[in-house]
Amino acid sequence: MSEVLVAQAVHLSYGSSQAVKGANIALRRGEIAAVTGPSGSGKSSLLYCLAGVLPATHGEVRFEGRVLDKLSDDELSSLRRDRFGFVFQYGELLPELTVEENAALPLRLAGQRKAAAFAAARDVLSRLGLEDLRDRRPSQVSGGQSQRIAVARALVHQPTVVFADEPTGSLDSVNAQAVLDEFLALARSQRTAVVLVTHDAEVAARADTRYTMVDGVLTLQGRSVR
C-alpha cells in the first residue's frame, strides 16, 4: 500500500529550542498512527508540522509526493481544507452555528451547495448518533456530544488524513472510549488515515502504528497488520 504522508528527518525549532528532532513517519491510506509522550515532548508541534501548519526547519514532509514547504499559501490552504481534517481536544466548534452547520462547514468552505453539504452532514451525524441534535447550538450539547460533532466535521468531506490532537483528553473515561470507538470506526470505513496525538497508552493501543516522543525524539514502538 503506497504512503500518502511521509516525514523525513524533520526538525522543528522555535528560536534556539528544538521541538522536533529528526522525525520520520510514513503513513498509508487508512492507517491509524498514534504518538504518545509526556507534555512538552513535541507531539503537537510534530502534528502541526505534518499538517503543513508549521514549516519544518530542516527535513521535509510530503503529501502524495508533494513537499509541503514548497507549496504556496493558497495551495496549502486548499490542501488543509479539502484533503485534511482536524480534531482538537476541546472540539473548537463555532458557537454561532448549529450542530448541522458546524458539521457541514468543510463542505461549505469548499464551495459545495448548501443542500448537498447539509445532506452529507446529516449522514455523518446520524452515523455518530447525533441526528436529533442537528438544530442545537454547541452550548446546548454535552462534552461527549461536542467531540462527536468535531469528529463529524473532520470526516464529513472524507479527507485523506485527519490530524487529531488529544481528541478525547477533555472527556471522562466512558465518553472517551465511546468517542474513540466511533471516530476510529468511521475513519476506517472511509479509509482515512489518522495521526493521533495522545498521552493515554490505552488510546494509543487502538492504533495500527505506535510511536513515542520524548524530548523531541520520535521512536517507532510497533506496527500491527490489519
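Here are a few things to note about the model shown:
- Separation of alpha-carbon centers, the range 112-161 and the range 10-35, rounded to whole Å: 29
- Placing +1 on the Cβ of every Lys and Arg and -1 on the Cβ of every Asp and Glu, with nothing else charged, gives the chain a dipole about its Cα centre of roughly 520 debye.
- Shape call, the range 41-93: gyration tensor on alpha carbons, a/c limit 1.5: oblate
- Highest average packing first - 190-198, 147-155, 75-83, Cβ atoms within 10 Å: 147-155, 190-198, 75-83
- Net charge of Cβ neighbours under 14 Å - reference Asp215; Lys, Arg +1; Asp, Glu -1: +2
- Among 47-59, 5-17, sorting by the average number of other beta carbon atoms lying within 10 angstrom of each residue, highest first, gives 47-59, 5-17.
- Where the Cα pairs of the range 95-226 fall when distances are cut into 10 Å bins, in %: 12, 41, 32, 13, 2
- Entry note, the chain: the mean residue ellipticity at 222 nm calculated from DSSP H runs of n ≥ 4, each adding -39500 (n - 2.57), is -10500 deg cm²/dmol after division by the residues and rounding to the nearest 500.
- Highest-first packing order for the peptide set 22-33, 157-168 is 157-168, 22-33, based on the mean count of other beta carbon atoms within 10 Å.
- Translational diffusion coefficient of the chain (Stokes-Einstein, Kirkwood radius from Cα pairs, 4 °C, 1.567 mPa s): 73 µm²/s.
- Proximal charge balance of Asp82 [Cβ under 13 Å; K/R count +1, D/E count -1]: +1
- The residues packed around Pro38, meaning those with a beta-carbon under 13 Å from its beta-carbon, carry a net charge of -2 if Lys and Arg are +1 and Asp and Glu are -1.
We did not get these values from a lab; they are worked out from the coordinates using the rules stated. All values derive from a computational prediction rather than experimental measurement. All Cβ positions, even for glycine, are placed from backbone atoms using ideal geometry, and neighbour counts span all protein chains on display.
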